[in-house]
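Novice: I have a structure here, written as structure tokens, and I will follow up with some questions on it.
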Amino acid sequence: MPPRRKTTHSVKAGKNNRPDTGTATVADEVMQSLRSAGAYTSGDQTRPCAILWPDPDCLWETAIPDLKSTLPELFILGPYGPEQRMGPAVWLKCIEARALDNPLPEDQIPIFYLPGIGKQQLREVEDCPAELQHLVELQFRGAIWLHPNGKDWTPYAYLVSEHGGLGMDAARDNSTIEALQRALPQVLKKKTEELRGKRLDADFFDQLLAPDLPRLILNWMNRSVAGPEQSGNEWKAFCQQCIIDYHFHPEKDGCLRAAELLGHRKGKWAEVWKRFREAPKRYPVVTALLERMDPAGQEDLFFDSEPWPMANEKLEKELSHALKELGKKYQDNAVKSVRELEKAHSNRRNWVWRDLGRSQFAVALEYLDQLAALVEKPLAAASVHELGELYAVSGWKVDEASLNAMACCTSVHHEEPICAAVRSLYLPWLEASARNLQNLVKNAPETIRPQKEPTDSGTGQVTLFVDGLRFDVAQILKDRLQSQSYTVDCAWDWAPYPGVTATAKPFVSPLAPLLTGSVEIYDFNVAIEKSGKPLTSDRFAAMLEEQGYQILKGDGLGESAGRAWMEAGAFDRHGHNDGWKMVKRIEQEIEDLATRIRGLISAGWKEVRIVTDHGWLVMPAGLPKIDLPKFLVESRWGRCAVMKETAITDLPIITWHWKRDVNIATPPGAGCFKAGTEYCHGGLSLQELVVPRMLVTYNTSDANRAKIIGHKWIGLRCRVSLQEAAPGLTAELRRKAADPSSSIVEGRKARDVGADGTVSLPIENPDDEGLAVMIVLLDPQGNIIDQKPTVVGGIQ
């Protein structure tokens, strides 16, 4: 047999053996180079028994874990640990001899990585340490992975060498070599084509370890577990990058200096501030550090206040004082002051401190400015109907602005300034608008009675009664539902007088034709016309059921083939319990109503008709007190009173809706018969008597946008998640997507998609486990919208 040519340098892979140049990583190239070191000519040479990889300075050591996962023939010299493919020289010799269990395939040449061992040590046979002697002879029967110049390969040499290496353009200084060593695992993962044409220097390699330096700086300042640990290569790279790009040293300068530089936002610190601005709640310690920075003395013409919490807090205190002072001003002066304050503070709503809830006065000022622009002229018209129409078109926006301003009170110290401003702006407008309505009604009292017929639901329709759904709040609900692809028709009507539940709720119910005024008028309760008995809640429900209505309670959905009555909403209860602070509950109430409506339509109901009994007035520090002697009245509420037949008064008088011979007085303007009342209803104002009539349906064309975005098997039940889920959608599992008879769902019945966009599909036959099927998503007409393959039970 002819002697084998000794392979003592790397042999590049042939063109057909090299990794794809477009996708090959540095690690791929290293592995190919290692394997090519064992190249030989069949028939002319013997195959090397092993490939030795000497690394006297352990420069490749950090790369071994990643290489080992893709190089099954790689073994490491070290303490005995076969599960780590590591062992002493004698163990490696057994690997080469295939003397152990599960040996390498005969056609695979083992690669032995020798950390701390150089080529020269192997060549000095007589002086070779005893623990290496088992490997010495392998250099004669095997191959050594070496640079073509005969030296051991180093990571830097392999990267830059044009002879057996990658031929990259890298800086030739110690900083670059050290940075390469720190980033070696990251370098191995880079595609070689991404590195070509670039100047590889220390900065480039450090950025591989710290690719998102602004985030790492913030995490370090925030003492986050996601920040670089203060040891090891990543920390060294982080510090080096901070010195080069941000001109500070984390260890020497510390977090307070970093906070100071962050606040000034100069140079690359502007990028760090931008990242902080994107999600300030993630970095509470950074905020605390900025709070310790006192910008006093820096306030010149070009001083930037935004980054400094203390500067923002000072401006908030100034605004708080100014808002309190509005309570002492007449409306016209208050309007001017608010507009001046808006010019001075509006920019702060773009500051980061708003996101952290630290600029609530500036936030409230936006709504106060809207309020100031709307209240300069009270609502006025030539007739009762025209005034009602004007309010329904645009007048309600004044009420909405006042609610939004009050809702900005997220802590006790917000309440007095904001409420003082609201009262100063809103109360005069409310008073004047109410008096305008009262004057019109005085001349034409019959024109303020309901114009629409009582509600009577048809098949597939739910009548949803919401207690105290004021017209402006109804517009918020309307917008919420429309944004979720529902069609909402919102009309208006006058509530029956007085606007209290006992009078108005029976009128908007299907039972209205069967009712009449009660003899007992003190609480404005109505009676059943046929029997003369008072209409109690039990009798109300019983009569509805006699009329063929289902009474839906809680989360009940009923049978959508019929018709139903349900009640929801707690606006009125919150108002009576909490006064003006009920505004803080409006958002949750709206969301709860929207969720309930979505659930009803998803359950198959075609329409949801929303009705209410009355609106309300709300005013911080109470509505103006109006005196009404007890001897003039039979009963007295906050905004209405039943007058004795012999009583004479100058107060506005309207007859009871259910009994025209009963006179009911109301306080003038926005007044109240009870002192200190912040929330009230039953009087004569647009806010109390203009009520919404809403009809909610679903735009079925939007159902086609729904998509299956995921599914998970839990035993023999498949939970499916949808994107842009729509009411009326169903889903099931089929052997053949287009064949409904191939359903394998329990009961062979498609399941309704829930309001949360999920649906659970149980399997009928356990023997179907492992069966390949299709998840099909169906529109209300049973047409397939989307489909995805799956395997029953998740077994692949």
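The values are calculated or read from the model by the stated rules, or taken from the named source; none is laboratory data. On a predicted model such as this, the values are computed, not experimentally measured, just so you know. Cβ coordinates were reconstructed from backbone atoms using ideal geometry, including for glycine residues, and neighbour counts include every protein chain displayed. Note: accessible area is taken over every heavy atom of the protein model, side chains too, but ligands, DNA and RNA are not part of it. Shrake-Rupley method; radii C 1.70, N 1.55, O 1.52, S 1.80 Å.
Novice: Where residues in segment 516-535 are outside any loop (DSSP other than H, G, I, E, B) and hydrophobic (A, V, I, L, M, F, W, C), which of them is nearest to Trp637 (Cα to Cα)?
Specialist: The qualifying residue nearest to Trp637 (Cα to Cα) is Val526.
Novice: Oh, and also: Do we find a residue being open to solvent by 60 Å² or more (accessible area, probe 1.4 Å), of a type in the set (Val, Ile, Thr) and either in contact with a Leu (Cβ under 9 Å, 6 or more places away or on another chain) or assigned to a helix (DSSP H, G or I) (or both) anywhere in segment 334-356?
Specialist: No - not one qualifying residue is present in segment 334-356.
Novice: Of the residues that sit in segment 753-776 and are closer than 25 Å to Asp555 by Cα and touching a residue at least 60 places away in the same chain (Cβ under 8 Å), which one is least open to solvent (accessible area, probe 1.4 Å)?
Specialist: Per the criteria, the residue is Val753.
Novice: Would you mind finding the one in Leu59, Leu67 that is outside any loop (DSSP other than H, G, I, E, B) and either within 19 Å of Met168 (Cβ to Cβ) or open to solvent by less than 10 Å² (accessible area, probe 1.4 Å) (or both)?
Specialist: One residue alone meets the criteria, Leu67.
Novice: In segment 682-723, which strands (runs of 3 or more DSSP E) lie fully inside it and hold 2 or more residues that are in contact with a strand residue (DSSP E or B) (Cβ under 8 Å, 6 or more places away or on another chain) and within 25 Å of Ala504 (Cα to Cα)?
Specialist: Strands (runs of 3 or more DSSP E) meeting the threshold: 690-698.
Residues are listed down the side, and each one gets a yes or a no for (1) closer than 26 Å to Asp66 by Cβ; (2) small (Gly, Ala, Ser); (3) at pLDDT 90 or above; (4) touching a Gly at 6+ places or on another chain (Cβ under 6 Å):
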residue	(1), (2), (3), (4)
Glu178	yes, no, no, no
Val187	yes, no, yes, no
Lys198	yes, no, no, no
Leu213	yes, no, no, no
Val225	yes, no, no, no
Asn233	yes, no, no, no
Ala237	yes, yes, no, no
Gln241	yes, no, no, no
Asp245	no, no, no, no
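Novice: Hey, among the residues in segment 728-752 that are among the charged types (D, E, K, R) and within 36 Å of the chain's Cα centre (by Cα), which one's most open to solvent (accessible area, probe 1.4 Å)?
Specialist: Checked segment 728-752; the qualifying residue most open to solvent (accessible area, probe 1.4 Å) is Lys749.
Novice: I need every pair where a residue in segment 527-540 that is more than 14 Å from Phe507 (Cβ to Cβ) and open to solvent by 70 Å² or more (accessible area, probe 1.4 Å) has its Cβ under 9 Å from the Cβ of a residue that is part of a loop (DSSP other than H, G, I, E, B) and of a type in the set (Lys, Arg), sequence separation at least 6 or different chains.
Specialist: Final answer for the pair search is Arg539/Lys533.
Novice: While we're on this one: Answer with yes or no whether Ala420 is within 19 Å of Trp616 (Cβ to Cβ), in contact (Cβ under 8 Å) with a residue 40 or more places away in the chain and more than 29 Å from the chain's Cα centre (by Cα).
Specialist: no
Novice: Okay, next question. Given the conditions (1) among the basic types (Lys, Arg); (2) within 29 Å of Thr46 (Cα to Cα); (3) surrounded by fewer than 18 Cβ atoms within 10 Å (Cβ to Cβ), report the number of the one that Arg199 does not fulfil.
Specialist: (2)
Novice: Now for a separate question. Out of the residues in segment 434-454 that are open to solvent by 30 Å² or more (accessible area, probe 1.4 Å) and not in a helix (DSSP H, G or I), state the one that is nearest to Val611 (Cα to Cα).
Specialist: My answer is Pro454.
Novice: Which of the following residues is under 24 Å from Gly468 (Cα atoms), aliphatic (A, V, I, L, M) and surrounded by 17 or more Cβ atoms within 10 Å (Cβ to Cβ): Leu695, Leu684?
Specialist: Going through Leu695, Leu684 in turn, the sole match is Leu684.
Novice: Still on this structure, I have one more. Restricting the first residue to segment 681-699 and requiring it to be farther than 24 Å from Ser433 by Cβ, which pairs with a second residue that is of a type in the set (Phe, Trp, Tyr) meet a Cβ separation below 9 Å and a spacing of at least six or different chains?
Specialist: Val696/Tyr486; Thr697/Tyr486; Tyr698/Tyr486; Asn699/Tyr486
Novice: Let me ask something additional. If you check Glu431 against the conditions, is it open to solvent by 20 Å² or more (accessible area, probe 1.4 Å) and under 26 Å from Trp658 (Cα atoms)?
Specialist: no
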